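Remarks on the structure that follows.
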Amino acid sequence: MTQQYGLGRGLASLIPPKKTSSEVPTAPLSNVTPSVLPIATSSHPDVPVTREVLVADILPNPHQPRLHFDEARLAELAESIREYGILQPLVVSPLATGPGKYELIAGERRLQAAKRVGLKLVPVILREASSDQEKLELAIIENIQRHDLNPIEEAKAYLRLTEEFGLHQEEIAKKMAKSRPNISNTLRLLTLPVEIQRAIIDGKISEGHAKALLAVENPEKQRALFDLIIREELTVRETEGKAREVSIRSHLRATRNPAPELSAKEEWLTEQLGTKVRIQSKGKGGKITIEFYSSEELNGILGRLA
């Protein structure tokens, strides 16, 4: 199924259909004189045109959301390009500062790898980006579709859209074809201690581990649980259980009801339901508050109540 994006650009608009050798005219590099060579053309306005441009004519993208490049994987990509060439075109935008110059929108790893193996020409798709915001949006979408961003890079990219361009989470969600809670939860990763964020970038813990840590409010307790994850190699589910235990204990210590009989009932409900429960009395009545942190946990609570 084709996904639709707020920008009107899905995967098909960023990645052209693969051409067979009979469809793609080629020219020997020895006959190349211009900096731009057409590889494939189309009369259909929605089909992007793929060209070859000189590597020297492509300038870095100041809005590149990807900040971390794994050296080993970059070396592997370079070897693959050496043997097979670049199979997926880069995405560039023409610069108004001079003819034949381009700004990279997406494909930083491929460009770096191409330079390593000494390629002079690389295949590109030209995209007209009218503003810095659109360049950043295009770069984020392309990287997300290729699963090239780690969770922290993705969160920082969303934060830039919020802080630099004033977009609300609902607007970002629409442009990225994600739900608003997904955007919100990703942004919350930036509230974790720096050492935990670094572990996410380095792949020491997964995004699932990180979101489980967010259920623990105290940074020091987050660090303690993080150390336990690394030391005991906890799974995401085990981490969620540990985080729930920490949260329940903290809640019981912090919200003891002044009425002993209500405190005992509150503690009993908390233990039975496996989540924070608070009983507040008011006159002859009151209210019971039951907290949950995911749809799965809500279903579990409802199952226990049933």
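Miscellaneous remarks
- Among the listed pairs K120/K156; K221/K282; K204/K242; K174/K211; K101/K135; K135/K204, those beyond 27 Å (Cα-Cα): K120/K156; K221/K282; K135/K204
- A full extension of the chain between E195 and L214 corresponds to an added length of 5.4 nm, given 0.36 nm per residue minus the alpha carbon distance.
- Debye intensity ratio in log₁₀ form over the Cα atoms of the range 192-254, taken at each q of 0.30 Å⁻¹: -1.44
- Note on E76/S281: beta-carbon distance plugged into 1/(1 + (r/R0)^6) with R0 of 45 Å gives a FRET efficiency of 0.10.
- Residue separation of Q88 and L302 scaled by 0.36 nm, minus their Cα-Cα distance, works out to 72.3 nm of gained length.
- Label-to-label distance, L228 versus E170, with points set 7 angstrom from Cα along the beta-carbon direction: 3.9 nm.
- For peptides 102-112, 203-213, 224-234, sequence by mean Cβ density within 10 Å, most packed first: 102-112, 203-213, 224-234
- Under 25 Å of direct C-alpha separation, and excluding same-chain neighbours fewer than eight residues apart, K287 reaches these lysines: K265, K276.
Bear in mind that the values in this text are calculations on the coordinates, not laboratory data. Just so it is clear, the structure is predicted and the values come from calculations on it, not from any experiment. Positions of Cβ are generated from backbone atoms using ideal geometry, with glycine treated the same way; all protein chains shown enter the neighbour counts.
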